[in-house]
Amino acid sequence: MKELELTSFQLITNAGGARSKCFEAINKAKEGDFDQAIAFIKEGENFFLLAHEAHRHLIQKEANGDQIVMTLLLSHAEDQLMNAELTKEIALEFIAVHQRIKKLEEAILPK
């Protein structure tokens, strides 16, 4: 397997792992388990670090004068990374919204 293909698969795999952890975080927030939701976000950060390391490798190669050919596979990998980044931002917003809903419910609903 060529280096570019391997790096693309590293991006896809780790971005997918990060995205999955973000969705797990959203589901835990819906259940009211905010500690576990944040734990899933932190687990996702490990995947993001690996994905960004692969991405940084490609950027450094290009900065050093190596031509990086934009293939369909690399385009897909870039798309997956951006999708995962967006999912993380949305997950953090969902966690905050569910925390607010829980506080409001506790304030107005009888115990």
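The values are calculated or read from the model by the stated rules, or taken from the named source; none is laboratory data. For clarity, every value in this text was computed on a predicted model and none was experimentally measured. Neighbour counts run over all protein chains shown; Cβ positions are idealised from the backbone, glycine included. Each accessible area value is taken on the protein alone, full model and side chains, heavy atoms only, with ligands, DNA and RNA left out. Shrake-Rupley method; radii C 1.70, N 1.55, O 1.52, S 1.80 Å.
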Relative contact order of the chain, defined on C-alpha pairs under 8 angstrom at six or more residues apart (%): 40
Proximal aspartates and glutamates relative to LYS2, as straight alpha-carbon distance under 15 Å, when same-chain residues fewer than 8 apart are discounted: ASP66
Virtual paramagnetic centre 7 Å along Cα→Cβ of LYS102, amide N under 11 Å, in the stretch 1-39: 28-38
Dipole of the chain [Lys/Arg +1, Asp/Glu -1 at C-beta], most positive-end residue of ILE26, LEU74, LEU50: ILE26
Tilt relative to the chain, helix 3-31 - C-alpha long axis, 0 to 90 degrees, to 10: 0
Separation in nanometres of the label points that stand 7 Å from Cα toward Cβ, at PHE23 and ILE59: 2.7
Solvent-accessible area, 1.4 Å probe, carbon plus sulfur percent, for the chain: 57
The stretch 1-70: trypsin sites (Lys or Arg not before Pro) falling in loop per DSSP and having at most 13 other Cβ within 10 Å: LYS2
Cα-based reach from LYS111 at 28 Å (exclusive), listing lysines while leaving out same-chain residues under 8 positions away: LYS28, LYS30, LYS102, LYS103
Difference of contour (0.36 nm per residue) and Cα-Cα distance, MET82 to LEU6: 25.5 nm
Given (1) 1.18; (2) 1.08; (3) 0.99, the label whose value is Rg/Rh (Cα atoms, Kirkwood Rh) derived from this model: (1)
